[in-house]
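Written below as structure tokens is the structure these notes are about.
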Amino acid sequence: MSRHQHSAGTAVAAAPKRAHIKHHFLFLGKFFQNRKSISSVWPSSPHLAKATIHRVNFQTAKVLVELGAGTGPITEAVVKRLQPHTRFVAIERDHDFAKILQDRFSSHPNVHIVRADVRDLSQVLADLKIKKVDNFLSCLPTPNRLPPEICNRLLESIEEYLAPQGIYSNITEVPLLYKKYYRTLFKHVDFQFVPLNMPPGGVYHCREFKKQSHK
């Protein structure tokens, strides 16, 4: 390999890394602008992304929905394992984040990048003619940290669309603090600790809403 070829290859490899660093600092700035709707100071690590999709059965899932996709670390983890029979919807409200997601993932035939507020989740899914969702993957803050009106509408939509054996997985930066809260909503709640994240965090994997738990 010539010196020119080696330099060109190095430049190509460095470009995605520079883009990721740029996305990370954009994420940090957004966090300080709006801490109520962004759950973390930094995008999810590959370890947290792996934990978030841990309960997804990619062989059988027909529909996956990500809430608050940000710059796309969990989106990327899903897309890498996405099967031809599965539709994947990534929802993001922020204009800049949505543009990054569109640039990175919209060419995939099974991926829908939707710029929308999660309070309109039911309408988004209805517009896409989706009837049930096998897995919701949430990068949003714990629901009770959202404004009550948004929290209630979000949970109502998730309950409406979550398949009978479906799983709602929500990332967190405060390990175990909200387990009691999730148990007021769901019959089955498991917590998966992820120390290799900034800061250390984890994922709540939840199944089966309790009747009238959030009404």
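All of the numbers you see were taken from the coordinates with simple rules; none came from a lab. It should be emphasised that the depicted structure is a prediction, and the values quoted were computed from it without experimental measurement. Quick reminder, even Gly has a Cβ in these numbers, built from the backbone with ideal geometry, and neighbours come from all protein chains shown.
Which order do 55, 145 fall in if you start with the one that has the fewest other Cβ atoms within 10 Å? Walk me through the intermediate numbers first.
On the way: 55 19, 145 14.
Fewest to most other Cβ atoms nearby, the residues stand as 145, 55.
In this model, which of 131/211; 62/180; 80/210; 50/179 are farther than 22 Å apart at the alpha-carbon? Working shown, then result.
Values: 131/211 20 Å; 62/180 30 Å; 80/210 33 Å; 50/179 20 Å.
In this structure, 62/180; 80/210 exceed 22 Å between Cα atoms.
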* For residue 187, list the aspartates and glutamates whose Cα falls under 19 Å from its own Cα; do not include residues on the same chain fewer than 8 positions away. => 134, 156, 159, 160, 208
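Shape call for region 87-215 from the C-alpha gyration tensor, a ≥ b ≥ c root eigenvalues: rounded (a/c under 1.5), prolate (a/b greater than b/c) or oblate?
Details: a/c = 1.68, a/b = 1.24, b/c = 1.36.
In terms of gyration-tensor shape, oblate.
Excluding residue 186 itself, what net charge comes from residues whose Cβ is under 9 Å from its Cβ, given Lys and Arg +1 and Asp and Glu -1? Mind dumping the intermediate values first?
Working: positive: 183, 187, 207, 210; negative: 208.
Within the 9 Å Cβ shell, the charges total +3.
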